[in-house]
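Remarks on the structure that follows.
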Amino acid sequence: MAENEKSLGLHQRIPMDILLEAFRAELNGEQDLERLSQLVNTEYVGENRQKKGFRQVKTTLLGNPIVSFAQEHKDEVLAALKSAPDRNLILSALMVARYPVCYDTYCLMAKQFRLQDEINRDLIVRMLGTKYGANKSVQNVQINVTAQMVECGLINREKMGVYSYAEPQKPVHPISLKIWQESYFLNEPLANREDTESVMFEPFFRYISFI
């Protein structure tokens, strides 16, 4: 596998309902890999895709700094996961913290939505290609990332391969904003953690409402 393919990491679409259940189990110390495998098997057809899906969910949680951060605030996070906008933001932050290509896609699209109402797949792939190279892997990962963003209500799919900006998610619980911020700082290690007000103006924060 080429080096840029390794750096992408997200080679299989992850259904957010499965990630949610796996994440809750991880927080509660009740992770059951057999149960997780069964859930994944209901989503994918074919043994190879099922195995890849299982590995992808495990990889998303294993060693993910957001999981560790959430475990330190377990009760707050479990309560927040009951709220749809909070859940959307927390699961998205999990993806962003684990896969830098997710963070890059979020930021690139947020910047483009300032200029135009709709973005097509080809533009997203071209923008990602400047960093990760123009190849089939980038195209596949783009599909996986945007599918997750649509599922979490961060963007709308107007038609096949065309996306528009959705209303920002308005969290009910303060912990959700903290997790979103943490996923940002993980991708921007040189950013000033003490200056949280300034980072709110970064493109990544266009998906969250503070009002």
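Things to note:
- Reduced Cα scattering model of the chain, Debye log10 I(q)/I(0), q = 0.13, 0.15 Å⁻¹: -0.72, -0.98
- A simple packing score, the average count of other Cβ atoms within 10 Å per residue, orders the peptides 149-158, 62-71, 90-99 as 90-99, 149-158, 62-71, with the highest score first.
- Near Glu158, the amide H atoms lying under 5 Å from its own belong to Tyr163, Ser164; only residues 5 or more places off or on other chains count, and H is placed 1.01 Å from N.
- Label separation (Ser68 vs Gln116): 4.0 nm, computed from points 7 Å beyond Cα along the C-beta direction.
- Couplings for the stretch 174-188, taken from phi via the Karplus curve 6.51 cos²θ - 1.76 cosθ + 1.60 with θ = phi - 60°, read x, 4, 5, 5, 4, 5, 4, 4, 4, 5, 5, 5, 5, 8, 10 Hz in order; Gly and Pro are left as x.
- From helices alone, the chain scores -19000 deg cm²/dmol at 222 nm; the rule is -39500 (n - 2.57) for each run of n ≥ 4 DSSP H residues, then divide by the residue total.
- Sequence-distant residues sharing a close amide H with Lys170 (under 5 Å, placed H): Ser209
- Along the stretch 102-118 the Karplus relation, 6.51 cos²θ - 1.76 cosθ + 1.60 evaluated at θ = phi - 60°, assigns HN-Hα couplings of 5, 4, 4, 5, 4, 5, 4, 5, 4, 5, 5, 5, 6, 9, 8, 7, 10 Hz to successive residues, with x for each Gly and Pro.
- Fully extending the segment from Lys170 to Asp75 would add 32.2 nm, taking 0.36 nm per residue of separation and subtracting the current Cα-Cα distance.
- Under Karplus coefficients 6.51, -1.76 and 1.60, residue-wise ³J(HN,Hα) of the stretch 191-207 in Hz, glycine/proline x: 5, 7, 5, 7, 9, 5, 5, 5, 5, 4, 8, 6, x, 4, 8, 5, 8
- Contact order, relative form, for the chain: 26 percent (alpha carbon pairs under 8 Å, 6 or more residues apart, mean separation divided by residue count).
Each reported figure results from applying straightforward, stated rules to the coordinates on display, with no laboratory input. Please read these numbers as outputs of a predicted model, since none were measured by experiment. Reconstructed Cβ throughout: ideal geometry from the backbone, glycine too, with neighbour counts over all protein chains shown.
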